[in-house]
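One structure is given here, and the rest of the page talks about it.
Values in this text are rule-based calculations from the coordinates and carry no lab data. What you see is a predicted model, and the numbers here were worked out from it, not measured in a lab. Positions of Cβ are generated from backbone atoms using ideal geometry, with glycine treated the same way; all protein chains shown enter the neighbour counts.
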Amino acid sequence: MKAIRGATTVEQDTAENIKESVKTLLLTIKKENGLSEGNIVCIMFSNTSDLHSFYPAKAAREAGFFSCALYSSLEPDISGGLKKCIRVMVLAEIEKAPKHIYLNGAVNLRKDLTKKLNIAIDGPAGSGKSTISKIIASKLDILYLDTGAMYRTVALACVRSRVDCSDVASVKKVLDSSQISVKYENGMQKTLLNGEDVSDKIRTPEISMLASTVSAHECVRTAMANLQREIAAANSCVLDGRDIGTNVLPNAEHKFFLTASAEVRAERRKKENDAKGIIQPICEVLCEIKQRDEQDRTRKIAPLVKADDAIEVDTSDLSIDEVAALILGKVQEKV
Ligand code: DC
């Protein structure tokens with residue numbers, strides 16, 4: 001269930017004025033969020049005391065919102081507050097992050113809710129990017145885009161076609177004949193290869209190394225970066241990767257670069273692998289992490305590097321909650 005918020009103002013306290021503004025607000029909320037009668041649970045209104053509170057609910061019924069529960073209330077007077085204002089909260093059973101709508105005199109009321117947010121979180125393997133990105137996305141109720149999963153999927157496609165991941169011509173053939181996409185289920189990213197959900201199959205140490213290898217090819221980077229830009233243009237999201245702040249979204253307003261010592265990162269990766277039943281000695285995990293760092297940092301195209309305007313966070317001695325709080329604080333300072 002999601003809470004979609006909105007507000008509008010009216011010129012005069014008349015039934016016509018109030019009903020017209022509320023209808024426009026509700027129909028815009030419905031359209032922008034893809035709502036139907038069936039997924040709206042209830043609509044709650046509040047209005048400033050200079051307006052009659054009977055008409056917003058009446059407008060909802062007249063605009064075709066027949067079956068959901070309606071609730072109206074009067075706001076206390078706040079000195080200096082917006083006049084003749086009607087606020088709404090629509091509770092709806094939707095998957096996507098809600099699109100909040102502010103119209104007329106209320107258009108500047110909640111810039112923090114209506115502005116599209118793209119947050120870039122880059123860093124090497126095991127620096128905590130995915131754990132932190134998921135927390136930030138969930139707290140802000142926006143999407144989390146794991147861009148590494150896309151490169152992993154290209155590597156899986158190559159393995160399935162028995163192609164050498166370092167042979168650019170063969171990789172390009174596989175790339176051109178494969179369809180890589182993402183979808184969201186209950187807010188969780190599913191990564192698809194030709195329509196098949198491969199989210200679990202791409203989490204092996206072998207695919208980790210091969211993803212790093214295929215990600216060095218220009219054709220792969222261009223295709224994946226374009227897909228990532230498309231998703232970021234249409235949605236507020238946290239993107240984690242290696243080149244989000246430098247290459248995919250160089251103009252992103254919020255950029256972070258997470259680091260941690262190779263030893264700490266290897267410990268974290270080993271714990272994750274153990275939990276999945278992938279047993280590897282720590283020295284082997286550390287060796288793979290270092291090798292992948294080297295490949296990712298030294299490749300010619302869009303290497304792993306901190307963007308000049310990214311905030312660097314060394315997560316070695318910080319808890320997950322501490323890192324998440326630090327990043328959320330920095331994001332909220334700017335919105
Ligand atoms: O984040 P990850 O471990 O799932 O990424 C796997 C590999 O994909 C990584 O070693 C390098 C590559 N990658 C990349 O080049 N650019 C990104 N934005 C994300 C991942």
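In the frame of its principal axes, the stretch 160-231 has Cα extents of 38, 27, 19 Å, reported largest first. When the C-alpha to C-alpha distance is required to be over 19 Å, the pairs from Lys96/Lys255; Lys31/Lys99; Lys173/Lys290 that qualify are Lys96/Lys255; Lys173/Lys290. The calculated 222 nm mean residue ellipticity attributable to helices in the chain amounts to -13000 deg cm²/dmol, summing -39500 (n - 2.57) over DSSP H runs of n ≥ 4 and dividing by all residues. Shown for Cys158, Cys68, Cys237: other C-beta atoms within 10 Å of each C-beta, ranked fewest to most, produce the order Cys68, Cys237, Cys158. For Lys190, the aspartates and glutamates whose Cα comes closer than 18 Å to its Cα, not counting residues fewer than 8 places off in the same chain, are Glu95, Asp141, Asp146, Asp200, Glu230, Asp240. Of His254, His52, the sequence from fewest to most neighbouring Cβ atoms within 10 angstrom is His52, His254. If every alpha-carbon in the chain counts as one equal scatterer, what log10 I(q)/I(0) does Debye give at q = 0.07, 0.16 1/Å? Scattering profile of the chain, log10 relative to I(0): -0.38, -1.25. Legend: distances between Cα atoms for Lys115/Lys270; Lys129/Lys276; Lys115/Lys276; pairs beyond 29 Å are Lys115/Lys270; Lys115/Lys276.
Neighbour counts of C-beta atoms inside 10 Å place Leu140, Leu304, Leu27 in the sequence Leu27, Leu140, Leu304, starting with the fewest. Given R0 = 45 Å, the distance between the Cβ atoms of Glu93 and Lys172 translates into a calculated FRET efficiency of 0.55.
Put simply, the amide H of Lys84, placed in the peptide plane, has neighbours under 5 Å in Asp50, leaving out anything fewer than 5 places away on its chain. DSSP beta bridges fully contained in the chain are about 50 percent antiparallel.
Note down the nm distance, to one decimal, between modelled labels 7 Å out along Cα→Cβ at Asn39 and at Thr14. A separation of 3.7 nm, rounded to one decimal place. If you take the alpha carbon atoms of the stretch 218-335 and fit the smallest convex hull around them, that volume is 135 Å³ per residue. For the pair Val305/Asp321, report the inter-label distance in nm, with labels modelled 7 Å from Cα in the Cβ direction. Here the answer is 3.8 nm between the modelled labels. Using a Cα-Cα cut-off of under 20 Å, which aspartates and glutamates could be cross-linked to Lys84, ignoring same-chain neighbours fewer than 8 residues away? Correct list for Lys84: Glu11, Asp13, Glu16, Glu20, Asp50, Glu75.
Between Ile278 and Ala262, the distance separating the two model label sites (each 7 Å from Cα on the Cα→Cβ line) works out to 1.9 nm.
Shown for the chain are the DSSP H helices of 15 Å or more along their axis, judged by Cα atoms, with a mean Kyte-Doolittle hydropathy of at least -0.5: 15-32, 129-140, 148-160, 218-234, 320-334.
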